[in-house]
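**Q** Sharing a structure below in structure tokens format, with a few things to ask.
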Amino acid sequence: MRSRYAFVLAASLWLAAYARDTTEAWIAATVLPPLIVETSVEVLDRDGALLRAYTVADGRWRLAVDLAQVDPGYVSALLAYEDKRFYDHIGVDPWALLRAVAQAAWNGQVVSGGSTLTMQVARLLEDSGTGQMDGKIRQIRVALALERRLRKDEILSLYLHLAPYGGNLEGIRAATLSYFGKEPRRLTPAESALLVAIPQSPESRRPDRSVARATDARDRVLARAAGDGLIDADQAAAARTEVVPSLRRPFPALAPHMSDRALSEEATQRHQLTLSRSLQISIEKLAAEVVEGQGERLQVAIVVADHQSGEVLASVGSAAFQADARAGFMDMTRAIRSPGSTLKPLVYGLSFDEGLAHPETLIEDRPTDFNGYQPQNFDRHFRGTIRLREALQQSLNIPVVALTEALGPSKLLAALDKAGVGYDLPGGQPGLAIALGGIGISLEDMVQLYAAIARGGVSLPLIHQMQGRREEGQRVISASAAWLVADILAGLAPPPGAPENRLAYKTGTSYGHRDAWAIGFDGRHVIGIWMGRPDGTPVPGAFGADLAAPVLFQAFARLKPALDPQLPAPPATLLVSNAELPQPLQHFRSRSAAFEVAKDAPAVAFPPDGAEVELLPEGLLVRVRGGTAPFTWLADGVPVAVSLVGRETMLSDLGKGFVTLSVIDATGLSARAKVRLR
């Protein structure tokens, strides 16, 4: 009987205390529990939509929410049902207490509670019981103290965070996400009523355990709401027909790898990423579809980015975030893997810039010994004399190794550094094999490299945080070279069944069929695909063109209905046939032929190497000594004067600053001078 009259006793004690002069001192001396409630860490997309949330320390779901983010209809129903005079009382409602005492005395048991919302908050803050006398007295004292410390809306906000909804659900936002799969901003009268009813007896009224009890409790709240005039009879009747959910929905768990990464980078409650929630959902579904039926160990990773802003729009580190045979817990967008042939476009772009070649330049695809290194084409066949455009589109190995030898492998590494690409170099020394994938690079960095090509040769670091630094990077290759590479890649035939949409893309397969790649871009976006086994074991028969390329085209189809056009060709781009090229560019010459200094080799007579020269309004006067006419002049690898018979000419359209001048004669011999124009 003592517990039965606990509330009556507590009320009487409070009334006595209230009458004493020491009441204020008693309240002022109250030691309050912590008023800052721990809430779940949240990861949001670019528009503020929830991507992923994490439980608080005790494993409960408790998500931050503002009063303004909650449906006013729910708040009205809550106050009408639980505490009509909430905004008028001092923490304890004397009228409610008197009513509860009278009903208890008349019925011989507690019929209705006299607890205010403030008292309920006091109980929730301290996790105290509801029926024991000492606990009730403590709730009254804490409630009175809370009213003196906090505003009414702050107390209501605490309730919105702490109200129990069964199991490990606390707070209105956790409840709406779990039971309705939506935020609490817009709720139906039926949903509001259910959310008012559950906290009164959260375990017995959990919809996922007893739909019947939850429905009965909801309907009682609806009846009260109709009686109080919050809704009319027709609305109440319609609300009672609404089905109560019988299952809890899982909390959003999108972009798990990127979410964990954001948490490791910064300790804050809310992380806003550049990802698009709808696109992330679509790309994650694509990843799951891709590996389905492909064996239990094949994995896929996908990165989608806007190469104009550098923002990552979707990132899938694996097809499933779990410790399975596919090692889904590993973020394969950041794993170091062999890029196979996907570095070849960079080699070609650098070669164009150096004046070594042009897309229409002829090159030999024949068995070649590069000082003991004898690469083979992937299919073990050779094509003989072929245009560079076709050599890149067919991903031939001999031509790209010849270009790399002429460039020097260190120049390829320097370009990767300019692009902000991290790499793992086996042995620490660059060799010709890096052009064929003899280097380790992550998918994310490869996407950043292709983004630089797509942007006209200028790198821009990828970012995944909305507050990330957006800084223009270095120029990796010239705008003309970047456009020529993109034009070649856009001419590559799409996979069977894919649209003929001129997507610029390249595939790659690493040694031993361990990695299959496909990376492509249009005028706005770049997407990278990696497929393989996280443990590095071979995937027999896996080729980038067969395995990864179809996924690339599917990803673009999910990103947008049509491709954005590529950038137009820069004015300085040389768009001619092979026969119209300067003689030295018509057929690629080996490293020794291109750089060996002969007795009759040309030399830049003016301006001399290292000179600082004033740029005249009409241009820069240049003069060649030696060599055989006609001559071709290049500025930073771009032809600026072609087929000149004379040894002296004026070069126009040169900008101030450092420039590398090159002159090539009719026999292919060349000379260069680096000068500063002012």
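The values are calculated or read from the model by the stated rules, or taken from the named source; none is laboratory data. Owing to the predicted nature of the structure, the values given are computational and were not obtained by experimental measurement. When we count neighbours, we look across all protein chains shown, and the Cβ atoms used for this are built from the backbone with ideal geometry, even at glycine.
**Q** Conditions: (1) touching a helix residue (DSSP H, G or I) at 6+ places or on another chain (Cβ under 7 Å); (2) at pLDDT 85 or above; (3) part of a helix (DSSP H, G or I). Val101 meets all but one. Number of the miss?
**A** Tallying (1) touching a helix residue (DSSP H, G or I) at 6+ places or on another chain (Cβ under 7 Å); (2) at pLDDT 85 or above; (3) part of a helix (DSSP H, G or I), Val101 fails exactly one: (2).
**Q** For residues that are surrounded by fewer than 20 Cβ atoms within 10 Å (Cβ to Cβ), of a type outside the set (Asp, Glu) and over 16 Å from Pro250 (Cα atoms), scanning just the stretch 165-207, find the one that is nearest to the chain's Cα centre (by Cα).
**A** So the residue we want is Arg185.
**Q** Specify which of the listed residues (Thr660, Thr628, Thr632, Thr649) is under 46 Å from the mean Cα position of the chain (by Cα), polar (S, T, N, Q) and at pLDDT 90 or above.
**A** Of Thr660, Thr628, Thr632, Thr649, the one residue that is under 46 Å from the mean Cα position of the chain (by Cα), polar (S, T, N, Q) and at pLDDT 90 or above is Thr660.
**Q** Looking at (1) modelled with pLDDT of 75 or more; (2) under 15 Å from Gln139 (Cβ atoms); (3) not in a loop (DSSP other than H, G, I, E, B), which is the one condition that is false for Val43?
**A** (2)
**Q** Let me confirm something: among Val291, Val316, which residue is β-branched (Val, Ile, Thr), within 29 Å of Gln465 (Cα to Cα) and either without any contact (Cβ under 8 Å) to a residue 12 or more places away in the chain or out of contact with any helix residue (DSSP H, G or I) (no Cβ under 7 Å at 6 or more places or on another chain) (or both)?
**A** Sole residue among the options that is β-branched (Val, Ile, Thr), within 29 Å of Gln465 (Cα to Cα) and either without any contact (Cβ under 8 Å) to a residue 12 or more places away in the chain or out of contact with any helix residue (DSSP H, G or I) (no Cβ under 7 Å at 6 or more places or on another chain) (or both): Val291.
**Q** Taking the condition of being out of contact with any Pro (no Cβ under 8 Å at 6 or more places or on another chain) and either in a strand (DSSP E or B) or small (Gly, Ala, Ser) (or both), how many residues in the stretch 490-504 meet it?
**A** Final tally of qualifying residues: 4.
**Q** Ok, one more. Check whether at least one residue in the stretch 228-251 is touching a Lys or Arg at 6+ places or on another chain (Cβ under 6 Å) and of a type in the set (A, V, I, L, M), and report yes or no.
**A** The answer is no; no qualifying residue exists.
**Q** Which members of the stretch 44-57 meet the condition of being in contact (Cβ under 8 Å) with a residue 60 or more places away in the chain and either exposed (fewer than 13 other Cβ atoms within 10 Å of the Cβ) or out of contact with any Pro (no Cβ under 9 Å at 6 or more places or on another chain) (or both)?
**A** Once the filter is applied, which keeps residues that are in contact (Cβ under 8 Å) with a residue 60 or more places away in the chain and either exposed (fewer than 13 other Cβ atoms within 10 Å of the Cβ) or out of contact with any Pro (no Cβ under 9 Å at 6 or more places or on another chain) (or both), the stretch 44-57 yields Leu44, Asp45, Arg46, Asp47, Gly48, Tyr54, Thr55.
**Q** Select from the stretch 211-235 the residues that are of a type in the set (D, E, K, R), touching a helix residue (DSSP H, G or I) at 6+ places or on another chain (Cβ under 8 Å) and not in a loop (DSSP other than H, G, I, E, B) and list them in ascending order.
**A** Listed by number, the residues that qualify are Arg218, Asp219, Arg220, Arg224.
**Q** I need the helices (runs of 4 or more DSSP H) fully contained in the stretch 532-637, keeping only those with at least 1 residues that are within 30 Å of Asp515 (Cβ to Cβ), among the hydrophobic types (A, V, I, L, M, F, W, C) and touching a strand residue (DSSP E or B) at 6+ places or on another chain (Cβ under 7 Å).
**A** 549-559
**Q** Here are some residues: Pro375, Pro367. Which one is assigned to a loop (DSSP other than H, G, I, E, B) and within 26 Å of Ala516 (Cβ to Cβ)?
**A** From the options Pro375, Pro367, the qualifying one is Pro375.
**Q** Inside the stretch 597-650, can you point out the residues that are out of contact with any Lys or Arg (no Cβ under 9 Å at 6 or more places or on another chain) and of a type in the set (Ser, Thr, Tyr)?
**A** Those that are out of contact with any Lys or Arg (no Cβ under 9 Å at 6 or more places or on another chain) and of a type in the set (Ser, Thr, Tyr): Thr628, Thr632, Ser643.
**Q** Is it the case that some residue within the stretch 516-523 is among the aromatic types (Phe, Trp, Tyr) and in contact with a helix residue (DSSP H, G or I) (Cβ under 7 Å, 6 or more places away or on another chain)?
**A** Among the residues of the stretch 516-523, at least one is among the aromatic types (Phe, Trp, Tyr) and in contact with a helix residue (DSSP H, G or I) (Cβ under 7 Å, 6 or more places away or on another chain), which makes the answer yes.
**Q** Which of the residues spanning the stretch 251-275 are among the hydroxyl-bearing types (Ser, Thr, Tyr) and surrounded by fewer than 21 Cβ atoms within 10 Å (Cβ to Cβ)?
**A** If the condition is that a residue be among the hydroxyl-bearing types (Ser, Thr, Tyr) and surrounded by fewer than 21 Cβ atoms within 10 Å (Cβ to Cβ), then Ser264, Thr268 are the ones that fit.
**Q** Here's a follow-up. Among the residues of the stretch 242-280, count how many are in contact with a helix residue (DSSP H, G or I) (Cβ under 8 Å, 6 or more places away or on another chain) and either free of Cβ contacts under 8 Å to residues at least 40 places away in the same chain or among the charged types (D, E, K, R) (or both).
**A** So the count comes out to 4.
**Q** Quick check: is even one residue across the stretch 287-302 closer than 29 Å to Asp487 by Cβ and under 12 Å from the mean Cα position of the chain (by Cα)?
**A** Yes, there is a match, as at least one residue in the stretch 287-302 is closer than 29 Å to Asp487 by Cβ and under 12 Å from the mean Cα position of the chain (by Cα).
**Q** Restricting the first residue to the stretch 121-150 and requiring it to be closer than 13 Å to Leu32 by Cα, which pairs with a second residue that is among the hydroxyl-bearing types (Ser, Thr, Tyr) and modelled with pLDDT under 90 meet a Cβ separation below 7 Å and a spacing of at least six or different chains?
**A** Sorted first by the residue in the stretch 121-150, then by its partner, the pairs are Arg123/Thr130; Arg138/Ser128; Gln139/Ser128; Arg141/Thr30; Val142/Thr30; Ala145/Thr30.
**Q** Then there's this: If we keep just the residues of the stretch 565-600 that are more than 19 Å from Leu634 (Cα to Cα) and among the polar types (S, T, N, Q), which is modelled with the highest pLDDT?
**A** Selected residue: Gln566.
**Q** Test Lys411 against the criterion of being under 23 Å from Thr361 (Cβ atoms) and among the basic types (Lys, Arg), and give yes or no.
**A** So Lys411 passes the test.
**Q** Of (1) of a type outside the set (A, V, I, L, M, F, W, C); (2) surrounded by fewer than 18 Cβ atoms within 10 Å (Cβ to Cβ); (3) over 29 Å from Gly473 (Cα atoms), Arg326 satisfies all except one. Which?
**A** Just one mismatch for Arg326, condition (2).
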